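Structure first, then comments.
The values are calculated or read from the model by the stated rules, or taken from the named source; none is laboratory data. As the structure is a prediction and not an experimental result, all values here were calculated from the model. Virtual Cβ from ideal backbone geometry, glycine too; neighbours counted across all protein chains shown.
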Amino acid sequence: MLSVNLFPVFFLLALFPVAFFWLRRAYRILVKRDFSEVALKKGLPPPDPEKYAPYEMVINLVGGIVIVVVIGIVLLGLLDYQSWIAVAGSTLWIKLFASFALSRQAHGLGPKKKPADSKS
């Protein structure tokens, strides 16, 4: 009887759309100059998204390229299961944390302060 662990198969299949969306986002920032998805916080871009666009583009481009390389290596059979899962998982988490940190930096830390009403 053949026993197949489906987790690696599903994880590998999930890497395809992840790489596509990350590389598409990098393409939109670099080529199309679309900054609507740069450093989002609660679905809103920062006041000056163009300032943070190069950082977001690099985060997405590097993450997408690493995932594409992992997919290629797995399909060629050059890397064992534990290694490619570790590289892909680490890449996913590092990209998520880097994008989160960039969005918090772009929007400022802490709640926004309301301007004081001056009653004279």
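Taken together, the residues in region 57-84 that are modelled with pLDDT of 95 or more and not aliphatic (A, V, I, L, M) amount to 4. The number of residues in region 14-37 being over 26 Å from I71 (Cα atoms) and under 11 Å from the mean Cα position of the chain (by Cα) comes to 0. Under the condition of being small (G, A, S) and more than 16 Å from Q105 (Cα to Cα), the residues counted in region 15-58 number 3. Considered as a group, the residues in region 77-112 that are among the charged types (D, E, K, R) and in a helix (DSSP H, G or I) include one that is nearest to the chain's Cα centre (by Cα), and that residue is K95. In this structure, D34 does not qualify as surrounded by fewer than 14 Cβ atoms within 10 Å (Cβ to Cβ) and acidic (D, E).
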